[in-house]
1. Roll a 1.4 Å probe over the protein heavy atoms and report the accessible area of residue 87 in Å², nearest 10.
2. Residues in region 172-192 near a label at residue 115, defined as backbone nitrogen under 18 Å from the 7 Å Cα→Cβ point?
3. Rounded if a/c is under 1.5, else prolate if a/b beats b/c, else oblate: with a ≥ b ≥ c from the C-alpha gyration tensor eigenvalues square-rooted, which is region 86-192?
4. Per-residue HN-Hα couplings for region 175-188, Karplus 6.51 cos²θ - 1.76 cosθ + 1.60 at θ = phi - 60°, whole Hz, x for Gly and Pro?
5. Determine the gain in length on full extension of the stretch residue 162-residue 71; use 0.36 nm per residue of separation and subtract their C-alpha separation, reporting nm with one decimal.
6. With every protein chain kept in the model, how would you rank 179, 106, 111 by accessible area, 1.4 Å probe, largest at the top?
Amino acid sequence: MKKLVATLLLAVMIVSAVGCGSTKGELDHEGAFREFDPDDTSVYIDDGYTALISSVENANMTDAEKQRCAELRAMAVDALELVNRQRTAAGLPALVWSDELAVAADVRANDEMVRSFSHTRPNGSEYWTVNSDIIWGENLAKGYNTSEGVVAAWMASPTHAANILDAGFVTCGIAVYEDADGKLYWAQEFGY
């Protein structure tokens, strides 16, 4: 019975999102998942990630830019809430927001995804090299204007849904970046 209710809830959410036109966008070709290799002791931490962590938030921003950043952050938080509803419906514990993963997602969602909408970074390295200590899975999307739309699209894709419903993942960070043309780019990073 619970499985039927969860399936019906998911169907209603997807139909609702499609009905309001919020799922107009595109996903990358698949969700990315990094296999654990106990022999690999290398640690990659991108300089851009380190610089972003140590930068002063909202430095030299106008009030309108600060407001828009707050709105995009709220969309990211809302998306995690929707993801956690999916996990709860599947009998899984909720993912915990990780500020570190959110910063890594911000690195990915910003200029990187605009230049190369892929799990391979513009410099040719893998997505997890932003910070290999914490990133173990990634979902990307662009063009979705709402949290509901992007989560519905991720759940409708088997590889993206597999990341969301991976019982091993316990942390998550999401970032939303808006380019000069108003297109939104979403990066969702997962950790253990």
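The values are calculated or read from the model by the stated rules, or taken from the named source; none is laboratory data. Here the structure is a predicted model, which is why all the values come from computation and not from measurement. Reconstructed Cβ throughout: ideal geometry from the backbone, glycine too, with neighbour counts over all protein chains shown. Calculation scope for accessible area: heavy atoms of the full protein, side chains included, ligands and nucleic acids excluded. Shrake-Rupley method; radii C 1.70, N 1.55, O 1.52, S 1.80 Å.
1. 0 Å²
2. 177-181, 185-187
3. oblate
4. 10, 10, 10, 10, 7, 4, 8, x, 7, 9, 10, 10, 10, 10
5. Taking 0.36 nm per residue and subtracting the Cα distance, the gain is 30.0 nm.
6. Heavy-atom accessible area, descending, gives 111, 106, 179.
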